[in-house]
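Worksheet for the structure shown next.
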Amino acid sequence: MTEASQLAFSLSKRAEDLSGGVVGDAVPMLQIASELGIEVMLQTYRDRRGKSNEQHPESHRVGDAALIYSQVPKIKLFRSSVHSEEYLLSNFDEEYLTYRERFSIAHEIAHWLCYVDHGIEPSRVGSKDYWKNEKLMDDFAGQLIVPSKVVQKRLRSLGSDVVPNIHHIFGWAISSRVSVNVFAKQFVRVFDGIGFLLIFLGNGKHRGVTSKIIEVVYSTKSENIDIPNSYSKIMNDRIFNIVSDTDVGKNIKLCGVNFREKLGGDYFLSWRKQEDYRQYKTRYLDNITGVFWTSWAAVKRIGNSSKESNTLLDRMQTLE
Ligand SMILES: [Zn+2]
């Protein structure tokens, strides 16, 4: 076992123990932090400049949260507001936190556990191991905030003949008070044969020609299914048209197509329109015509052939 996989294993065990006694759907991050002796502060600031002024020599600060390694460890959350103030949060403040802030607390808890359990301090931004390390912290955060027992409970509630899709993930994410991608990532660890993508449809230049392009902004999948990676581009007019031409109105939030007839396989593509995409940066598309969350699933729940899954996209490409 390498050092990194040992650390991942130890963190994963810690996440399971910490969320073990939780009864509700949403894991209370403030309560877990306080059980670990960590204070959580909310720092509001008036403008963007206020953010970079905040520097602490012993803090790990990335994005919207920081961990301060002091006698009483502190996690600071930064939130833009009309006032600049600092609040000490209590367990009763959980419902005022955003999904993002809850995840940030879990991420900073991971750094703290690395420090107290293993004497590991966070890598410097820009160092060789930085992103590898951050990924481990995010993995822990995901497991803490969406424990596998919550996913299993959801699956049981669904019944054995229903294929889960992106619509379910949206609902479950809200109950767990996490973002769709955080829930989806934990879901695919438990459920085999499914993957989720956040895709942008639009026009972009490919070999000098303006074409229809599907840009994958986020991708997560179980081991046995092959779907496009994050940041990949798909040039497939058939999938593009199916997704964009089907009306996704206010009352019909979810659309789905079974590819059994066309492909002879047991695959199901479902999608749901996402209204807000301002926070995402697109690198390739000049013109965005739609933003969708999609799920790709093998229709059979048990014993789906991984070989077939692996060729799913190839088969779609050959339909052109
Ligand atoms: Zn970090």
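Nothing in this text is a laboratory measurement; each read-out follows from the coordinates by a stated rule. Because the structure is predicted, anything quoted here is derived from the model rather than measured. Glycine gets a Cβ as well: all are built from the backbone with ideal geometry, and neighbour counts include every protein chain shown.
Could you give the length gained by full extension between residue 235 and residue 190, i.e. 0.36 nm per residue of separation minus their alpha carbon distance, to one decimal place?
Gain on extension, residue 235 to residue 190, equals 13.2 nm.
Would you kindly calculate the translational diffusion coefficient of region 78-160, applying Stokes-Einstein with the Kirkwood radius from alpha carbon pairs, for 25 °C and a viscosity of 0.890 mPa s, and quote it in µm² s⁻¹ without decimals?
The estimated diffusion coefficient comes to 160 µm²/s.
As I understand it, the dipole of region 3-145 uses +1 on the Cβ of Lys and Arg and -1 on the Cβ of Asp and Glu, about the Cα centre. Which of 99, 21, 145 lies farthest toward its positive end?
About the Cα centre, the residue reaching furthest to the positive side is 99.
Can you flag which of 76/149; 74/221; 76/128; 76/205; 128/149; 128/273 are past 32 Å Cα-Cα?
The answer is 74/221; 76/205; 128/149; 128/273.
With only alpha-carbon pairs counted, each pair once and no self-pairs, how large is the Kirkwood hydrodynamic radius of region 114-177 in angstroms?
14.4
Compute and list, largest first, the equivalent-ellipsoid semi-axes of region 3-145 from the alpha carbon gyration tensor, each √(5λ) rounded to a whole angstrom.
23, 20, 13
I need the phi-derived Karplus couplings for region 169-182: 6.51 cos²θ - 1.76 cosθ + 1.60, θ = phi - 60°, integer Hz, Gly and Pro marked x.
Couplings: 4, 4, x, 5, 4, 5, 4, 7, 6, 9, 6, 4, 5, 5 Hz.
If you put +1 on each Lys and Arg Cβ and -1 on each Asp and Glu Cβ, how big is the dipole of region 80-159 around its Cα centre, in Debye rounded to 20?
Dipole about the Cα centre, nearest 20: 640 debye.
In nm, to one decimal, how far is the modelled label at residue 275 from the one at residue 160, with both set 7 Å along Cα→Cβ?
3.9
Multiplying the sequence separation of residue 132 and residue 82 by 0.36 nm and subtracting their Cα-Cα distance, what value in nm do you get?
Going from the current span to full extension adds 14.4 nm.
Could you give the length gained on full extension between residue 210 and residue 17, defined as 0.36 nm per residue of separation minus the Cα-Cα distance, in nm?
Full extension from residue 210 to residue 17 adds 64.3 nm.
With θ set to phi - 60° and the Karplus curve 6.51 cos²θ - 1.76 cosθ + 1.60, what are the ³J(HN,Hα) couplings of region 219-234 in order, to the nearest whole Hz, using x for Gly and Pro?
9, 8, 8, 7, 4, 8, 10, 10, 10, x, 6, 4, 6, 8, 10, 10
With only Lys, Arg, Asp and Glu charged, each at its Cβ (+1 for the first two, -1 for the last two), find how big the charge dipole of region 157-256 is about the Cα centre; round to the nearest 20 debye.
The calculated dipole for region 157-256 is roughly 360 debye.
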